[in-house]
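Here's the structure, in structure tokens; my notes come after.
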Amino acid sequence: DTEVTQTPKHLVMGMTNKKSLKCEQHMGHRAMYWYKQKAKKPPELMFVYSYEKLSINESVPSRFSPECPNSSLLNLHLHALQPEDSALYLCASSQDRVPQETQYFGPGTRLLVL
Amino acid sequence: SQQGEEDPQALSIQEGENATMNCSYKTSINNLQWYRQNSGRGLVHLILIRSNEREKHSGRLRVTLDTSKKSSSLLITASRAADTASYFCATMNTGFQKLVFGTGTRLLVSP
């Protein structure tokens, strides 16, 4: 199984809502990532978890809150988002956080904030 | 910004032709990777080339790396309509342990 799954595929939320994005992998990978991608732009790293511990936070606003409940799951909790947060949110995983590792990406959650 | 630049931004070719995309980056790297993304979906890893390698092949893909010029190229030979996608280079910088993506090339292959 070389698949990273993400739910939901699409999400529309108001600025006062609280929602969560979910990511799951069963490849035994110990590193998991959240990226944000705006239209026609490259993905930008948000967070990195390594062995279920947050190891990189790319100065992401606190309205985005990551969580890694176990080695297979990664959540991104959303609260009080702004319209400019509308984007494709991609989850990825890799065997470990070493330079030669390939990252496996999920299909993404397309988020629209109204 | 550490972000790399890719050119061209967009490329339109006919099936059977070759497609070449170029990537330039700014810092010392451990490796450079190429990913493909189909119409706003997830990225698929294509190939990884290490900083001490100059050329690598995988099927119809050929990647070159010139660390003195801080540049790489991706050649897709005998293109197919199914190759239509956005292609991103991504560098793994020494010391940072994270991927930094280039600006991407949108490839359109017409039947």
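Pairs exceeding 19 Å between alpha-carbon atoms, taken from B:LYS69/B:LYS98; A:LYS36/B:LYS70; A:LYS9/A:LYS36; A:LYS53/B:LYS98; B:LYS26/B:LYS69; A:LYS36/B:LYS69: B:LYS69/B:LYS98; A:LYS36/B:LYS70; A:LYS36/B:LYS69.
Counting, for every residue in B:42-49, the Cβ atoms of other protein chains within 10 Å of its Cβ and taking the mean gives 5. With the dipole of the protein assembly as shown worked out from charges on the C-beta (+1 for Lys and Arg, -1 for Asp and Glu) around the Cα centre, which of A:PHE64, A:GLY108, B:ILE13 lies farthest toward the positive end? After comparing all options, I get A:PHE64.
Per the Debye formula on identical point scatterers at the alpha carbon atoms of the protein assembly as shown, with no solvent, log10 I(q)/I(0) at q = 0.12, 0.16 Å⁻¹ is -0.65, -1.11. Springs join every pair of Cα atoms under 10 Å in this Gaussian network model of chain A, and among A:CYS23, A:CYS68, A:CYS91 the largest mean-square fluctuation is at A:CYS68. Calculation over all alpha carbon pairs of chain B in 10 angstrom steps from 0 returns a P(r) of 16, 50, 29, 5, 0 percent.
Here is the short version for the protein assembly as shown: A:CYS68 have no other Cys C-beta closer than 4.7 Å.
Peptide B:26-38 has a mean of 2 when you count, residue by residue, the C-beta atoms of other protein chains within 10 Å of its C-beta.
In order along region A:23-30, phi translates into HN-Hα couplings of 9, 9, 9, 10, 9, x, 6, 10 Hz, rounded to whole numbers, per the Karplus curve 6.51 cos²θ - 1.76 cosθ + 1.60 with θ = phi - 60° and x for Gly and Pro. Taking amide H as placed 1.01 Å from N in the peptide plane, B:ILE47 has its amide H under 5 Å from the amide H of B:TRP34, each at least 5 places away in sequence or on another chain.
With contacts taken as Cα pairs under 8 Å and at least 6 residues apart, region B:1-94 reaches a relative contact order of 37 percent. With K and R counted +1 and D and E -1, the other residues having a Cβ less than 15 Å from that of A:GLN100 yield a net charge of +2.
Dividing the Cα radius of gyration of chain A by 2.2 N^0.38 Å, with N the residue count, gives 1.00. Cα centroid distance between region A:32-67 and region A:98-112, in Å? That distance is 10 Å.
Each value in this text was obtained by applying a stated rule to the coordinates, not by laboratory testing. All of these numbers come straight from a predicted model, not from anything done at the bench. Positions of Cβ are backbone-derived with ideal geometry, glycine not excepted, and every protein chain shown enters the neighbour counts.
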